[in-house]
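What follows is a short report on a single structure.
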Amino acid sequence: MEKITETILMEKSSPKTNKLEQIKILNLSRMGLKGEDLPVPLLSKLCSLEQLDLSGNMLQEIPKGLCLPSLKILNCSNNDMEDVVSLEALRNVEELRLEDNLYLTVNDEHKVIFLLPKLRMFNGKDISSTAHHIRHGSTEILRKRVIGVWERSFSLPDPITAQSLAAVEKRFVHAACTQIKYGPNSLSEYTKWRVEMIAKEYLKSLTCSDGGKITDTTPTKENEVKTRDLGGNSVTSPQKRTRNNSEVAAEASPRKSSRLASAAPVEASPRKCTRVTSTPQKTDPIMSSPRKHARMTNVGTPEGSPRNSSRLENFSQKGASKTESPRKAAKPVISTPTSRPSKGESPRKTAKDQTTAQQSKPKTAKTEHNTPRKTASAKLKVTQEPVSLQPLHVLQCHSRQDSPDDFSTQLWACAFEPSQECSGGISGGSRTVATCGGETLCVIECESGHVLKKYKVPGEEFFSLAWSTVLMSRTGGSARPCNILAAGGKRGLVKLIHPRVNLAFGEFRASRRAISIMRFSPRNASFLFTGTYENKIFLWDIGGLDRDYNFKISKLLVLETCSTPLHLSLLPTSPDTHLLSGCDDGLYIFDIQLSKNTQKRNEEMEIVFPVYKKKDKKNTYRTIDGLSFLSDDIVASKSHMQGSIYLWSWRATRASWNGRKKEVPAVVLAELQWSSTDVPYLSLGTCPGYGYVVCGDEQGRLWMYHITDTMMENFKSGKTISATEVLEWPSPVRAGMGALEGPSINGIAMDPDLHYLVALTDKNMAVVWKRESR
């Protein structure tokens, strides 16, 4: 059935009329429209239409052939737009909105401004001065450079034939796109697009003015590959691929639940509550080009940074508010200190480095447990006594526009840097932690609280990150290890960064929908798992890096899940055999052995828990929002609204599987008492070396469990195990605002030696805790 008919156009129009030619305003928003739903012949009759609202649909492009000569205001926000070139036919548009189109980049924004010569308002902002530079200033500069390339290396063929001219054009366009660099690296796609256009126009003008006749009229297809690279390189994988509308599934994201804002009015993150339309991929990205020489800028980079820009900053601490938490007698105060360089900080700073003020060292209460350990039954080779942590810093380093008033940006994931490249002198551990949330990713030195690097992608919302140590080739054939960081979020792009050298060297598209979780394999350092909102987990091999940061992407596996993957865990002793995935609708086990020929796979089994029996109309208790290995065998996991944390045995559970039924009951070893909150997605963390499970709650508290064999034996009596210690929210004080209430703790990370613990909140605060020396 047609979605757009003449009758519907009359109903949705203003002023009301019975003639299509008299309609001036038309509202077709939120109708679930795709490109094929827009009848071009019918819409082209709207010759007087001045204002058109197509927001909230599923359009990927404007249908070809659509002619609306009077159209001045167009709203295409909140769609799936991928091709802005289709807007070129609407050349009289003066006001355009394209917000919330996840697949559009700053390159597309520049294309729109160039293609629509009368456009003066874009996404609600006056772009007059910017538009003049894009349409005239930069065009003239690029034209001169294109002519320079031609005059240095090219000439018209003699005689001029279609075949010879096509060959010259191909070589000329390629040379111009390769040699001409203009503007920031983040605009390299737009620059190449304009250079290609100008080069073809210039060559055409030469053949016309020269009066040459093409004698060979045999049609030839130009083997042209449009590249979208990260730093002006000639071999890339496209960031975006054109898809037919019929390929786009209209299935809404399964994750509809939003967090309750009963504790404090916090802006909801689109990760959990906004619609992300399912858009299956058409092809695999096989090659991904590096961002050669894309050195990150300092904090002084002017605003207007493009959405696809990769800014890894030597942060001068202006955007980070830090708390020095005093002892119990006083509340900690959030301040905004300047920064000094840490040992591992890159020297590429333009601002003067300054030293921070002396920090007071608060203490938290200790809870002593001298319980002897039994290593035989639970196989926990942990002999340390319980540790005592004290709050060291509260950092506000993910603020929008570095605003100290931003207490709404949600922080989602953090991970400590592997010890290969980390500085700080801690044996087996690292002082450097990466955090992500909102449009920024930060690298923080825990002891000083300095934000060493800051990477910003306007329009992105990062949900996950992961470290790995890969090999980078050097001159002479040798290779050296280097720590890289991968991060992804709502745009479905994986960003690859080498923080130590201030370089965001590449990206590739992992999904047409948002990335929910990422994990590198500890055994194969170049293997990256990405869980996505299209209910799939992909295994990628990014390979090694050459000295110019070239790398090659290949897709190894596609794992089909029934819902959004929230957490991924690999077996500590055999990470190349099985993957555990905690999803919105259960915990699933996948066989990931590459020796098998099947690339697309479903789950091998599902682990079910006792709490599932409490299922009612309001909750199934199947959302696994916490998952991590505590030892080679023991897994810690929890379900939303469970009110506790399960410790269960992977080996015993696996051994109980008969190979036929997919559902396998978990062999639960212990149950840890936790908060009875109904706030979802509060993740837990583990420190296997010290036998710790830690999970934050909705009040900013940290529930710490020092797991011993004796504690686990208490479960035999049917009692849940209480927390070893509950660390209260440090209640930092901001000048003029008083103490800040405890937020929800979204994520936790500990370094292997438990020198530091980092907790991320839903109110734009990262709290660094430090182990108290005895």
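Got at least one residue in region 486-497 being modelled with pLDDT under 95, within 23 Å of L411 (Cα to Cα) and open to solvent by 10 Å² or more (accessible area, probe 1.4 Å)?
Yes: region 486-497 contains one or more residues that are modelled with pLDDT under 95, within 23 Å of L411 (Cα to Cα) and open to solvent by 10 Å² or more (accessible area, probe 1.4 Å).
Just need a number here: residues in region 656-674 that are within 26 Å of V693 (Cα to Cα) and over 36 Å from the mean Cα position of the chain (by Cα).
1
Select from region 94-149 the residues that are open to solvent by less than 40 Å² (accessible area, probe 1.4 Å) and without any contact (Cβ under 8 Å) to a residue 12 or more places away in the chain and write down the one among them that is nearest to L71 (Cα to Cα).
The selected residue is G137.
Select from region 459-480 the residues that are open to solvent by 40 Å² or more (accessible area, probe 1.4 Å) and among the hydrophobic types (A, V, I, L, M, F, W, C) and write down the one among them that is modelled with the lowest pLDDT.
The residue in question is A479.
Report, by residue number, each residue of region 191-208 that is farther than 14 Å from R143 by Cα and open to solvent by less than 30 Å² (accessible area, probe 1.4 Å).
T207
Is it the case that region 578-600 has a residue that's among the basic types (K, R) and either outside the structural domain of S637 (by the TED database) or in contact with a strand residue (DSSP E or B) (Cβ under 8 Å, 6 or more places away or on another chain) (or both)?
Scanning region 578-600 turns up at least one residue that is among the basic types (K, R) and either outside the structural domain of S637 (by the TED database) or in contact with a strand residue (DSSP E or B) (Cβ under 8 Å, 6 or more places away or on another chain) (or both).
To keep it simple, each residue is scored yes or no on (1) closer than 21 Å to Q410 by Cβ; (2) part of a loop (DSSP other than H, G, I, E, B); (3) in contact with a Leu (Cβ under 8 Å, 6 or more places away or on another chain).
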site	(1), (2), (3)
V726	no, no, yes
S731	yes, yes, yes
A749	yes, no, yes
D753	no, yes, no
V758	yes, no, no
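What residue, among those in region 624-640 that are in contact with a Lys or Arg (Cβ under 9 Å, 6 or more places away or on another chain) and outside any strand (DSSP E or B), is farthest from H706 (Cα to Cα)? Before the answer, list the steps.
Step one: list which residues in region 624-640 are in contact with a Lys or Arg (Cβ under 9 Å, 6 or more places away or on another chain), which gives 624-627, 631-634, 639-640.
Restricting the remaining residues to those that are outside any strand (DSSP E or B) gives 631-633, 640.
Working: S631: 13, D632: 17, D633: 17, H640: 22 Å.
Result: H640.
Being under 30 Å from E461 (Cβ atoms), hydroxyl-bearing (S, T, Y) and at pLDDT below 90: is that true of T130 here? Can you show your working first?
Values: under 30 Å from E461 (Cβ atoms): yes; hydroxyl-bearing (S, T, Y): yes; at pLDDT below 90: yes.
For T130, the condition - under 30 Å from E461 (Cβ atoms), hydroxyl-bearing (S, T, Y) and at pLDDT below 90 - is met.
Among the residues of region 24-57, which ones are open to solvent by less than 30 Å² (accessible area, probe 1.4 Å) and touching a residue at least 60 places away in the same chain (Cβ under 8 Å)?
Across region 24-57, the qualifying residues are G32, G35.
For region 620-653, name all the residues that are hydrophobic (A, V, I, L, M, F, W, C), surrounded by fewer than 21 Cβ atoms within 10 Å (Cβ to Cβ) and in contact (Cβ under 8 Å) with a residue 60 or more places away in the chain.
Within region 620-653, F629 is the sole residue that qualifies.
Name the one entry in K719, K770 that is open to solvent by 20 Å² or more (accessible area, probe 1.4 Å) and assigned to a strand (DSSP E or B). I'd like the intermediate steps shown before the answer.
Numbers: K719 fails: assigned to a strand (DSSP E or B).
The match here is K770.
Looking at V664, is it surrounded by fewer than 23 Cβ atoms within 10 Å (Cβ to Cβ), touching a residue at least 12 places away in the same chain (Cβ under 8 Å) and in contact with a Ser or Thr (Cβ under 9 Å, 6 or more places away or on another chain)? Quick ask: steps written out before the conclusion?
Details: surrounded by fewer than 23 Cβ atoms within 10 Å (Cβ to Cβ): yes; touching a residue at least 12 places away in the same chain (Cβ under 8 Å): yes; in contact with a Ser or Thr (Cβ under 9 Å, 6 or more places away or on another chain): yes.
Judged against the criteria, V664 is a match.
If I filter region 728-744 for residues that are surrounded by 24 or more Cβ atoms within 10 Å (Cβ to Cβ) and hydrophobic (A, V, I, L, M, F, W, C), do I get at least one hit?
no
Do the conditions hold for L571, that is, is it surrounded by 15 or more Cβ atoms within 10 Å (Cβ to Cβ) and assigned by the TED database to the domain that holds I517?
Values: surrounded by 15 or more Cβ atoms within 10 Å (Cβ to Cβ): yes; assigned by the TED database to the domain that holds I517: yes.
Criteria met by L571.
Residues in region 102-141 that are assigned by the TED database to the domain that holds S29, in a helix (DSSP H, G or I) and of a type in the set (S, T, N, Q): how many?
Summing the residues that are assigned by the TED database to the domain that holds S29, in a helix (DSSP H, G or I) and of a type in the set (S, T, N, Q) in region 102-141 gives 1.
What is the one condition in (1) under 31 Å from the mean Cα position of the chain (by Cα); (2) under 30 Å from K490 (Cβ atoms) that L90 does not satisfy?
For L90, the exception is condition (1).
The values are calculated or read from the model by the stated rules, or taken from the named source; none is laboratory data. Since the model is a prediction, treat every value here as computed from it, not as a measurement. Because the Cβ atoms are built from the backbone with ideal geometry, glycine has one as well, and the counts that use them run over all protein chains shown. Note: accessible area is taken over every heavy atom of the protein model, side chains too, but ligands, DNA and RNA are not part of it. Shrake-Rupley method; radii C 1.70, N 1.55, O 1.52, S 1.80 Å.
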